[in-house]
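Read through the structure below, which is laid out as structure tokens, and then see the notes.
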Amino acid sequence: MALETVDLTNDPYFMKNHIGKYECKLCLTLHTNEGSYMAHTQGKRHQENLARRAARLAEQRGNAPLVEKKKIQPKKTIKIGRPGYKVVKQKDADANQRSLLFQIHYPQIEKDLVPRYRFMSCFEQRVEAPDDKFQYILFAAEPYETIGFKIPNNELDKSEGKFVSHWDEERRYFTVQLYFTAIEDPFGTEATTAM
């Protein structure tokens, strides 16, 4: 039915070649009959190529393209250096758990800003060769540089009271304390692994 209503002679991309097959000059595809070509013109590939060509022609004519992608510009602030920090290693003998306490001091942090932290895999970073025995914890707050610490890649205990982060806005200290899961000793003696 579509073949009866559409005149393919007015289609600039339709061409019958010397073998008797039909070609789409836009997509460089080969079709056995007119119906196959008509189905192709309604498809995703042909429609994307039409949009791409229209955008290129509009650009050449000096017109703005029909669809503009907005690029997200990162916030540009002048970094003032690294914040002061203190790292304390602890061990809870009762629960046989190791913990780390991070205290980062941000005396000149931007107003109403809360510092952030995140964990990073050894494969995400580009400073050292990846070692899956370690992971990283990163701390960030404007206008300070982001700082990171290399910590063991052991499972963290996320039960209540075992993973704590706190921002003291008055003193401007950001504190994160994390516990690793308990060290199991198969021999029933005290574990002696060092941190």
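Listing for the model above:
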{"item": "Region 2-61, relative contact order [Cα under 8 Å, separation at least 6], %", "result": "22"}
{"item": "Alpha-carbon Rg/Rh ratio, for region 84-180, with Rh computed the Kirkwood way", "result": "0.98"}
{"item": "Relative contact order [Cα under 8 Å, 6+ residues apart], region 86-153, whole percent", "result": "25"}
{"item": "Label point 7 Å beyond Cα of residue 52 along Cβ direction - residues of region 10-37 with amide nitrogen under 14 Å", "result": "25-29"}
{"item": "Highest average packing first - 98-111, 121-134, Cβ atoms within 10 Å", "result": "98-111, 121-134"}
{"item": "Cβ charges +1 (Lys, Arg) and -1 (Asp, Glu), total dipole of region 2-61, debye", "result": "340"}
{"item": "Chain lengthening between residue 169 and residue 73 when straightened (0.36 nm per residue, less Cα-Cα)", "result": "31.7 nm"}
{"item": "Inter-site label distance for residue 114 and residue 36 at 7 Å from Cα along Cβ, in nm", "result": "6.2"}
{"item": "Hydrodynamic radius (Kirkwood) for region 2-61, which is based on Cα pairs only, to one decimal in Å", "result": "12.3"}
{"item": "Scattering profile of the chain at q = 0.15 Å⁻¹ [log10 I(q)/I(0), Debye over alpha-carbon scatterers]", "result": "-0.99"}
{"item": "D_trans [Stokes-Einstein, Kirkwood Rh over alpha-carbon pairs] for region 61-133, 37 °C, 0.692 mPa s, µm² s⁻¹", "result": "183"}
{"item": "Test item: Cα-centred dipole of the chain, Lys/Arg +1 and Asp/Glu -1 on Cβ, debye", "result": "1020"}
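Just so you know, all these numbers are worked out from the coordinates, no wet-lab data involved. This is a predicted model, so every value here is computed, not measured. Glycine also receives a Cβ, built like all others from the backbone with ideal geometry; neighbour counts cover every protein chain displayed.
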